[in-house]
Structures are given as C-alpha cells and as structure tokens.
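J.: Okay, here's the structure, questions in a sec.
The values are calculated or read from the model by the stated rules, or taken from the named source; none is laboratory data. Keep in mind that this is a model prediction, so the values were computed, not measured. Heads up, the Cβs are rebuilt from the backbone with ideal geometry, glycines too, and the neighbour counts pull from every protein chain shown. Each accessible area value is taken on the protein alone, full model and side chains, heavy atoms only, with ligands, DNA and RNA left out. Shrake-Rupley method; radii C 1.70, N 1.55, O 1.52, S 1.80 Å.
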Amino acid sequence: MTGSPVDRLADALAKLPGIGRKTALRLAFSLVDDGRLSEELAAVLSETARNVHECPLCRNLTLDPVCEVCGNGSRSRSICVVHTSADMRSIEDTGLFRGTYFVLHGSLAPLDGVGPAELGIPALLERVAGVQAQEVILALDSTTEGEATCAYIARALESLGVPVTRLARGLPPGALVEYADALTLSQALKGRSRV
C-alpha cells in the first residue's frame, strides 16, 4: 500500500463502523473527484469536532449547554440507559419513550480498561437519585458485554429502590439497538420486563 492521499483517506474512512476497504476506496475517490463535497465535508467535520460535546446530564452528544431532551421540562422522570447516542436516536425516533436518557458510550470491558467510571455509572446513580427516577430502562445491546453491563447497573441501582426494567427480548441476541427497525424497537419498549 502506498502513502498516496487517496489511500490515506481510504484508510481513515475504513476505520468507520460498517465501512470496508472497497467502500472506503469508493468514498475516497468520490470525495477527491468532487472538490465542493470534500470542502463541505471537511467544514462539517471540523465544526463538529470543535463544537460537539457531551451533555453534562445524560452524556448525549450536543452543541447546546444541555441536549434537547434534557432541556425539555415536559419529559417524564424515567431514564433510559443506552450504549451510544445512535441508540438513543433510534429509541427517540419511535416516539414511544417520553423520559430522558443516559448514554454510556460503551460496555464494561475490564480487560480493555473500561470500568464503571469510564461509562459514567457513578454519574448515572447520582442522576437517578437526584431526579427521583420513576423507572430505569436498560436498553443495552443483547451481547455478552451488554448483558454484563445490564447486570452491573441493575445491582448498583438496587439500593436506590427504583424499578429497573430492560427491553423485551424482541431484540434478537447479538443485535445492536442502533440497527433495529422501529417496529422491533417499539415492541421491545412496550414489552420491557423488570430486571
């Protein structure tokens, strides 16, 4: 592999989830061929990198001091815990959940140095207690890591006396919340069960 700009761009694009080498090369050539698109993408990426930050309440990504959901005073006191902001967006798009969220930005992975502090679990516990949450919904991926993270959070929340539920098994094992369709997510939210 050479160090040409197109190859370096393709290498960078291939680091994105779901983008293989062939797709990365197609994207790289498209960007190089269309200078205006390249400039627009560069400007948007630069602005995003400079201005997007975590909401101090829920850890969702936002441009504002707090995210749009946390800033909406009409939301219920239920908290839905998700792995990523993309998962949050998928659940929000169903229109069925009217509470707030907490974004972990990952799963417990002690061998990789990802423990409760890195996921913000102490902040989650403070938030649940501070808002006197009516319910905590664990909407985490049905993977081994997701299951372990669910179990850890459920145990940590026991002392607060808040009902803890998780999405129903409408999501197949190994499924990622972000890629579930609206019907599957709707059924999973409606059929959630107590942990």
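J.: In the stretch 112-152, what percent of the accessible surface is made up of carbon and sulfur (1.4 Å probe, ligands and nucleic acids excluded)? Kindly include the intermediate steps, with their values, before the conclusion.
T.: Values: 950 of 1770 Å².
Answer for the stretch 112-152 is 53 percent, counting heavy atoms of protein chains only.
J.: If you don't mind, there's one more thing I want to ask. How large is the charge dipole for the chain, taken about the Cα centre, if only the Cβ atoms of Lys, Arg (+1) and Asp, Glu (-1) carry charge, to the nearest 20 debye? Walk me through the intermediate numbers first.
T.: Working: 19 positive and 23 negative charges, 114 e Å.
Using only the charged Cβ atoms, the result is roughly 540 debye.
J.: While we're here: Compute, for the stretch 86-194, the length of the dipole vector about the Cα centre, with Cβ point charges of +1 (Lys, Arg) and -1 (Asp, Glu) only. Units Debye, rounded to 20.
T.: Details: 9 positive and 13 negative charges, 95 e Å.
Value, rounded to 20: 460 debye.
J.: Sketch the reach of a paramagnetic label on residue 51 as a point 7 Å from Cα along Cα-to-Cβ, and name the residues of the stretch 60-92 whose backbone nitrogen lies under 16 Å away.
T.: Answer for the stretch 60-92: 61-68.
J.: Arrange the residues 105, 83 by how much accessible surface each exposes, largest first, with a 1.4 angstrom probe. Working shown, then result.
T.: Working: 105 75, 83 10 Å².
Most to least solvent-accessible, the answer reads 105, 83.
J.: Count neighbours as other Cβ atoms within 10 Å of each site's Cβ, and list the GluC sites (Glu not before Pro) in the stretch 65-150 that are DSSP loop with at most 14 such neighbours. The partial results should precede the final answer.
T.: Details: sites: 68, 92, 118, 126, 135, 145, 147; in loops: 68, 135.
Here the sparse-neighbourhood loop sites are 68.
J.: Placing +1 at every Lys and Arg Cβ and -1 at every Asp and Glu Cβ, with all other atoms neutral, what dipole size does the stretch 24-126 have around its Cα centre, in debye to the nearest 20? Write out the running numbers ahead of the final one.
T.: On the way: 8 positive and 14 negative charges, 70 e Å.
That gives a dipole near 340 debye.
J.: Quick check: Cα centre of the stretch 66-111 to Cα centre of the stretch 5-54, how many Å?
T.: 27 Å
J.: Say the dipole of the stretch 47-195 comes from +1 at the beta carbon of Lys and Arg and -1 at that of Asp and Glu; which of 167, 62, 106 then lies farthest toward its positive end?
T.: With unit charges placed on the Cβ atoms, the residue in question is 167.
J.: Can you give the % of DSSP beta bridges in the chain that are antiparallel, to the nearest 5? It would help to have the intermediate numbers written out before the result.
T.: Numbers: 5 of 15 bridges.
Just about 35 percent of them are antiparallel.
J.: Further question on the same structure: Once you sort the root eigenvalues of the Cα gyration tensor of the stretch 85-195 as a ≥ b ≥ c, which label holds: rounded (a/c under 1.5), prolate (a/b larger than b/c) or oblate (the other case)? Kindly include the intermediate steps, with their values, before the conclusion.
T.: On the way: a/c = 1.63, a/b = 1.19, b/c = 1.37.
It comes out oblate by the Cα gyration axes.
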